[in-house]
Amino acid sequence: MKRASLDPRRWPLAFKAPALVAAFMLIVSIVMTNAVLSRLRETQERQLAAMSMIYLNGLASALIPHVLREDIWEIFDTIERGANLEGGFGRASVVVVDSKGETLAASDPRKAPVLSQQSDRDRHFEGDAVLTVDSDKARAFARKPLIYQERRIGEIYADYDIRHLLRERGEVLRTLIATNTGIALLLAAFGYWIIRRMLGPLATLSRHLDLSVSGPVQPIPQDQITASTREFRRLFVRFNAMADAVNEREAIAKELANEERLASLGRLASGMAHEINNPLGGLFNAIDTLKRHGDKPSVRSTSLNLIERGLKGIRDVVRSTLTAYRADRGPSRLAAADLDDIRLLVGPELVRHALSLDWRNMLEGELPTDASALRQVVLNLLLNAIQASPDGGQLIFLATVDAENLLLEVHDEGPGFNAETEAVLTGESQKPAPVGEGSGLGLWVTRRLLQDLRGRAIVGVSHLGGALVQVRVPLAPVEELRDVA
Amino acid sequence: MTVGRERRSVPARGNWAPTRRGVLVGGAAFIGAPAIVRAEQPFRFGLTPVFLTSDLDLLEALQRYLSVAMGNEVQLVLKRTYQEITSQLLSGLLDSAWICGFPFVAYRRELELVAVPVWRGKPTYQSYLLVGADRGDVSSIRDLRGDIHAFSDPDSNSGYLVTRALLAENRAKPQDFFRRTFFTYGHRNVVRAVAAGLAQSGSVDGYVWEVLSEAEPELTKLTKPAWRSERMGFPPIATSAGNAASEGIRRFQRALIDMPSDPTGRSVLGLLRLDGFATEDPSLFDSIARRVDLVRALG
């Protein structure tokens, strides 16, 4: 993953699946916790109600004779003794009132003084309810009418402290959260491990695809194919089939590039023959003249000069051809003269199209880069520029060096690159070698050469009005050169 | 005290509820002493909530001391109210009883003094008007108007008569002066009622409050005496006039007077925080008699 994305659809599967498990556990635990807590609350309230009933019934039977006599002391004393017997719930506060709702006695007389009105205590109860629980205040309210001979002679109000019940609920909640978190984390970790294991073959596939970017596609070894699951086995077999196809295509492309080089050589050779042929006519004329008027010193001298110049021209053409394709020097050094040879090579083409070339070779000494590959690059770019330029136009070639790079520029007055050919040259398209007439095979070869040189080409607009191709090649010794076209 | 009252006769130790209250305000109970050979009728001595530390230790020690000192089996009879004990004494069901100065004065002709307890060197005590410790200054009973007031017993001098007489001097009656009154039938209960806030004030035996402040200071510190009466005759041990000259009463009186000279007797006195018992002239109770007259005059 390059960068954490906020879009869950882009999260890695190895994270997404465990997260899903954890989320699922969260939902399950919320539902379970709710169920358990509500069940616990019901049980607690049922128990509280039962204990309250037992307590208040006992209290009522002890209180009725005292309430009948309105014996404040005995009521108080009975409540006090009853308070010691509560046991089951936290400290209860009890108020006993007469039939008018006036306090007869209370367990805490300072809060409910004798004769104080307590009828507002009924607001805690709905209808005939005898017990209500107020969890916010951690109190439970209970009431019990005192009935004597079917007459209501008073009422007991009890107010229980239920903090211990709420504490128990809190403890259960904490236990549930801790347990469920533990299970969720464990399952998530297990899920992560499982998914990682299941996605192992994808990593193999990805590794092989990565390798194919910088070299031939490596087929997945047979033992890994047999070791994987059925789905991935099919995928791997297909990948290998594709790898074979790609490698085959690569081989064909190399073949094509070779042929293109030969073809360009052929074109040059025909140009060269033409170049040699032109002075040949003059030379034969001169020889003819010498045969006939060779005794005349002026004629002889003029003819010999003519022959000498013609032969010099032929010698230059032959020399440049020889230097372009000689293999007598190490490929790792480039001299200024190596590029100047190119100028000679393209000379006939320039003449043929009546083009002028402004040659600005600023290189000095020898540079650590592959001379033959680079010459091929320059030649291809110049041939491409010549081909694109209108007759009588102008070309500029510039070669310079900055701190760590060799910089080349080729300007022309042509119509410029279209998007497709530009992509072929600059390497933005991973398309294979184009096949067909004028399809830019030369440019494709150039790009591959640059790729080997770890250089790059950029296409721009020249101040001449046509295209500008800028090439940047890093000046570091090239360790290993592939068998270039 | 329903429970205590239902238990009409408790033959011996072991059946006693082991609570102080069960004994304090407990109903009728007899403590027998099987060890003593019954040569004659057992001597029946009635007790009332005057007792403070009336736990099993005290009752057993008192019963054991009296039986040995008198050479006769002694039964301790516990009653809840002064009224019960007085009527049983008058009707001859009891040989002697520890009653209050008020019933003694009220039935002066029918009763004779046997002995009077000596507390802090004197045969006298005071009545206190008790209020909550957090209550502001109360200088006279007039400040208690409108209170919920706790009395101990309608036949108690310190726990009823003194306050009643005090109001009578101001031409008032308790039911008009106080918002509400109730009886607790125990001086300790009056202290409890005031301490808890059930009553805003109470009439209590000064001796009980003082002894409680040593034995249960956490209870008495919630209260404070707002007014103290002058010294009056301590609740006496009396017998019926017809029985006064009997041999049993003579031996009983001797046993009471001699109590400080016997180890068991001293432990009884220690539990009661008393110095001993003395024979006193009935005129000791004249101030109580004056209060009775005052109250009667007011109707």
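The values are calculated or read from the model by the stated rules, or taken from the named source; none is laboratory data. Just so you know, these numbers come straight off a predicted model, no measurement behind them. Glycine gets a Cβ as well: all are built from the backbone with ideal geometry, and neighbour counts include every protein chain shown.
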Count of region A:6-19 residues which are surrounded by 11 or more Cβ atoms within 10 Å (Cβ to Cβ), free of Cβ contacts under 8 Å to residues at least 24 places away in the same chain and assigned to a helix (DSSP H, G or I):
2
Do we have any residue at all in region B:164-172 that's farther than 30 Å from B:Thr279 by Cα, basic (Lys, Arg) and surrounded by 19 or more Cβ atoms within 10 Å (Cβ to Cβ)?
no
Give the residue that is surrounded by the fewest Cβ atoms within 10 Å (Cβ to Cβ), with candidates limited to residues of region B:180-210 that are facing chain A (nearest Cβ under 8 Å) and touching a residue at least 40 places away in the same chain (Cβ under 8 Å).
B:Gly197
Just to be sure before I move on: is A:Ala22 surrounded by 15 or more Cβ atoms within 10 Å (Cβ to Cβ), touching a residue at least 12 places away in the same chain (Cβ under 8 Å), within 14 Å of chain B (Cβ to nearest Cβ) and in a helix (DSSP H, G or I) in the structure I sent?
no
Residues in region B:142-154: is at least one among the hydrophobic types (A, V, I, L, M, F, W, C) and under 20 Å from the mean Cα position of the chain (by Cα)?
yes
Screening B:Phe234, B:Phe252, B:Phe285 for residues that are buried (at least 16 other Cβ atoms within 10 Å of the Cβ), within 18 Å of B:Gln63 (Cβ to Cβ) and of a type outside the set (Gly, Ala, Ser) leaves only B:Phe252
Residue list for region A:87-137, restricted to those being in contact (Cβ under 8 Å) with a residue 12 or more places away in the chain, within 14 Å of another protein chain (Cβ to nearest Cβ) and in a loop (DSSP other than H, G, I, E, B):
A:Ser107, A:Asp108, A:Pro109, A:Lys111, A:Ala112, A:Val114, A:Leu115, A:Ser116
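Please indicate, with yes or no, whether at least one residue in region A:347-366 is within 52 Å of the chain's Cα centre (by Cα), modelled with pLDDT of 75 or more and β-branched (Val, Ile, Thr).
Looking for residues that are within 52 Å of the chain's Cα centre (by Cα), modelled with pLDDT of 75 or more and β-branched (Val, Ile, Thr), one finds none in region A:347-366, hence no.
Identify all residues within region A:363-393 that are in contact with a Phe, Trp or Tyr (Cβ under 9 Å, 6 or more places away or on another chain) and either free of Cβ contacts under 8 Å to residues at least 12 places away in the same chain or not β-branched (Val, Ile, Thr) (or both); write none if there are none.
Correct list: A:Ser372, A:Leu381, A:Leu382, A:Ala385, A:Ala388.
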Test each condition in (1) among the charged types (D, E, K, R); (2) loosely packed, with under 14 Cβ neighbours inside 10 Å; (3) more than 13 Å from every other protein chain (Cβ to nearest Cβ) for A:Arg41 and report the one that comes out false.
(2)
Given (1) buried (at least 18 other Cβ atoms within 10 Å of the Cβ); (2) of a type in the set (Gly, Ala, Ser); (3) in a helix (DSSP H, G or I), where does B:Gly270 come up short, assuming only one miss?
(1)
Checking B:Ser152 against (1) of a type in the set (Gly, Ala, Ser); (2) buried (at least 21 other Cβ atoms within 10 Å of the Cβ); (3) touching a Leu at 6+ places or on another chain (Cβ under 8 Å), the condition it does not meet:
(3)
